[in-house]
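Written out below as structure tokens is the structure these notes cover.
The values are calculated or read from the model by the stated rules, or taken from the named source; none is laboratory data. Being a predicted model, the structure only gives us computed values, none of them experimental. We place every Cβ from the backbone using ideal geometry, glycine too, and count neighbours over all the protein chains shown. Quick note on the areas: whole protein, heavy atoms, side chains included, nothing else; ligands and nucleic acids left out. Shrake-Rupley method; radii C 1.70, N 1.55, O 1.52, S 1.80 Å.
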Amino acid sequence: MAAAPLAANLAAGRRRISPSRSAQSGASAVISVCDIFKIGIGPSSSHTVGPMVAAARFLDDIAAREIAAPGGRVAALAASLHGSLAHTGIGHGSDRAIILGLDGHAPASVAPDDIGAIVARVAQTRHVVPGGRAYRFDPATDLVLDKKTPLPGHANGMRFHGFAEDGRRLLTRTYYSIGGGFVLSDSELAETKAGAPATDGPAVPYPFRSAAQLLAMAKADGLSIAAMQRRNEEVTLARHTLDERLDAIWSAMSDCIDRGLSQGGIMPGGLKVRRRAAGLRERMEEEARRNHANPLMANDWLSVYAMAVNEENAGGGRVVTAPTNGAAGVIPAVLRYWLHFHVESTRGHVRDFLLTAAAIGSIIKTNASISGAEVGCQGEVGSAAAMAAAGLCAVMGGTPEQVENAAEIALEHHLGMTCDPIGGLVQIPCIERNALGAVKAVTAASLALKGDGSHFVPLDAAIATMRQTGLDMNEKYKETSLGGLAVNVVEC
């Protein structure tokens with residue numbers, strides 16, 4: 001089926017990699033840079049990209065079942081969204097994502113400008129046609145946003161059903177969108193929570209689950225964090241292939257900034273929020289033409305780059321999960337800032353930045369969460385800021401200890417940040433929050449570089465604190481739009 005390659009690609013992100021050093025214990029946290037940074041569409045990695053991926057997996061499950069049991073052919077489909085997906089699904093486009101996924105479209109390839117027509121066609125015909133095969137599916141009755149029945153595994157739960165021509169239910173599957181476009185079945189999630197041993201992936205030379213392990217290996221072998229992540233990646237990818245994929249990730253990020261800097265108008269969703277990045281860019285360019293002294297110029301550009309990305313995301317455009325869509329602006333903004341304001345920057349630096357950021361993101365995702373529905377925005381913008389700070393510190397010549405310090409500073413000062421989007425839309429406070437996250441990341445890298453890498457709070461402690469804070473956080477502050485700004489600001 002058309003969606004199968006994407007599901008297979010996401011499976012790599014679910015695969016734990018086997019440790020090859022006897023000193024390592026527990027499952028490795030090594031996740032490919034290509035899975036940490038996934039090209040997709042807005043406005044949400046967990047609420048838009050994740051449901052599309054889950055729908056693709058369900059189509060694969062149908063195909064597998066029919067091969068195993070040829071007598072039962074699926075003729076009709078149904079789906080339900082639960083928890084945060086139900087509460088903010090309309091604002092995040094989760095309903096459209098399910099339709100797109102069941103119709104055979106993938107986040108990395110569907111054209112944003114075609115989405116409206118695809119959804120309208122399915123609504124009119126009451127059928128989805130993945131790979132040319134038709135299934136009955138009427139979004140008006142077969143797609144339910146169930147706000148009353150949360151599923152036990154995660155706040156972002158989905159159920160899919162397949163029915164025979166005579167109405168018999170032939171199969172049911174449950175999936176969870178755990179953040180950053182990663183999707184697990186109920187059984188996979190249970191294995192993950194149970195700490196299943198890492199036996200299904202290739203052994204890598206530098207397995208790690210914690211920042212402490214990463215630093216110990218860096219010290220022992222005299223390598224940077226980027227170099228260790230690269231050697232892990234090159235177990236399964238040729239060097240030139242890895243470099244091509246890193247370049248493609250940055251190209252997608254950079255293109256997103258440029259689109260955001262050129263677009264005006266009102267963003268969709270009903271809040272009537274106006275795009276500001278293009279206007280701010282024009283104002284700053286005019287200041288430059290007038291030789292107007294602006295001591296905050298670099299900071300202003302940094303902020304506008306981030307806003308440009310997240311305005312594109314809010315409009316349903318092409319973005320890169322970094323590590324989520326809601327936090328997609330932080331890393332591209334810091335990278336563009338590095339290339340714009342630092343004459344020593346090179347393409348090789350971009351690759352090292354992304355590899356370093358991916359290593360830090362792997363540790364955070366493994367030991368806490370990057371899902372706003374699970375731990376609040378500290379897991380989204382906080383994680384992105386930590387990853388960006390680490391990447392920037394690395395390309396500015398920081399030691400592994402300074403890189404770890406930069407990540408810790410950035411994450412520590414996002415602890416407790418709630419996720420309370422007004423109207424369930426990834427607009428307010430999300431767009432400006434990315435700008436401030438980028439500023440914190442640059443500040444954290446600068447502070448770390450002025451020290452020797454020694455500091456009081458380890459990154460691993462900050463990550464553990466973030467996880468515990470998320471567990472303690474009231475559900476109404478975790479992407480449900482039932483608390484915070486979402487209820488205290490009157491929608492216009």
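Quick grid of which residues meet (1) under 18 Å from S371 (Cα atoms); (2) surrounded by fewer than 23 Cβ atoms within 10 Å (Cβ to Cβ):
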residue: G104; (1), (2): no, yes
residue: A108; (1), (2): no, yes
residue: V128; (1), (2): no, no
residue: P139; (1), (2): no, yes
residue: G162; (1), (2): no, no
residue: G167; (1), (2): no, yes
residue: G180; (1), (2): yes, no
residue: V183; (1), (2): yes, no
residue: A190; (1), (2): yes, yes
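Yes/no matrix, rows are residues, columns are (1) modelled with pLDDT of 95 or more; (2) over 24 Å from the mean Cα position of the chain (by Cα):
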residue: I99; (1), (2): yes, no
residue: G104; (1), (2): yes, no
residue: A108; (1), (2): no, no
residue: P112; (1), (2): no, no
residue: A120; (1), (2): yes, yes
residue: T125; (1), (2): yes, yes
residue: R133; (1), (2): yes, yes
residue: P139; (1), (2): yes, yes
residue: L143; (1), (2): yes, yes
Go through segment 318-327 and give me each residue that's over 17 Å from K440 (Cβ atoms) and open to solvent by 10 Å² or more (accessible area, probe 1.4 Å).
R318
Please enumerate the residues belonging to segment 134-191 that are within 30 Å of C377 (Cβ to Cβ), free of Cβ contacts under 8 Å to residues at least 60 places away in the same chain and part of a loop (DSSP other than H, G, I, E, B).
K148, P152, G153
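Among the listed residues E479, E432, E401, which satisfies the condition of being closer than 28 Å to S84 by Cβ, open to solvent by 30 Å² or more (accessible area, probe 1.4 Å), in contact (Cβ under 8 Å) with a residue 40 or more places away in the chain and of a type outside the set (G, A, S)?
E432
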So V350, is it in contact (Cβ under 8 Å) with a residue 60 or more places away in the chain and either open to solvent by 10 Å² or more (accessible area, probe 1.4 Å) or farther than 28 Å from C419 by Cα (or both)
yes
Anything in segment 328-340 that is closer than 17 Å to D247 by Cβ, open to solvent by 10 Å² or more (accessible area, probe 1.4 Å) and either in contact (Cβ under 8 Å) with a residue 40 or more places away in the chain or in a strand (DSSP E or B) (or both)? List them, or say none.
R336
For segment 411-435, which positions are in a helix (DSSP H, G or I), within 18 Å of the chain's Cα centre (by Cα) and not polar (S, T, N, Q)?
L411, G424, C430, I431, E432, R433, A435
I'm told G453 meets every condition in (1) touching a residue at least 60 places away in the same chain (Cβ under 8 Å); (2) at positive phi except one. Can you identify the failing condition by its number?
(1)
Identity of the residue in segment 36-88, more than 30 Å from P268 (Cα to Cα) and in contact with a strand residue (DSSP E or B) (Cβ under 7 Å, 6 or more places away or on another chain), that ends up surrounded by the fewest Cβ atoms within 10 Å (Cβ to Cβ):
G72
All-but-one check, E344 against (1) open to solvent by 10 Å² or more (accessible area, probe 1.4 Å); (2) modelled with pLDDT of 95 or more; (3) not in a helix (DSSP H, G or I), failing number (2)
Quick one: would you say T443 is over 27 Å from L482 (Cα atoms), outside any loop (DSSP other than H, G, I, E, B), hydroxyl-bearing (S, T, Y) and open to solvent by 10 Å² or more (accessible area, probe 1.4 Å)?
yes
Matching residues, segment 279-298, being open to solvent by less than 90 Å² (accessible area, probe 1.4 Å), at pLDDT below 95 and either in contact with a Leu (Cβ under 6 Å, 6 or more places away or on another chain) or under 12 Å from V439 (Cα atoms) (or both):
A298
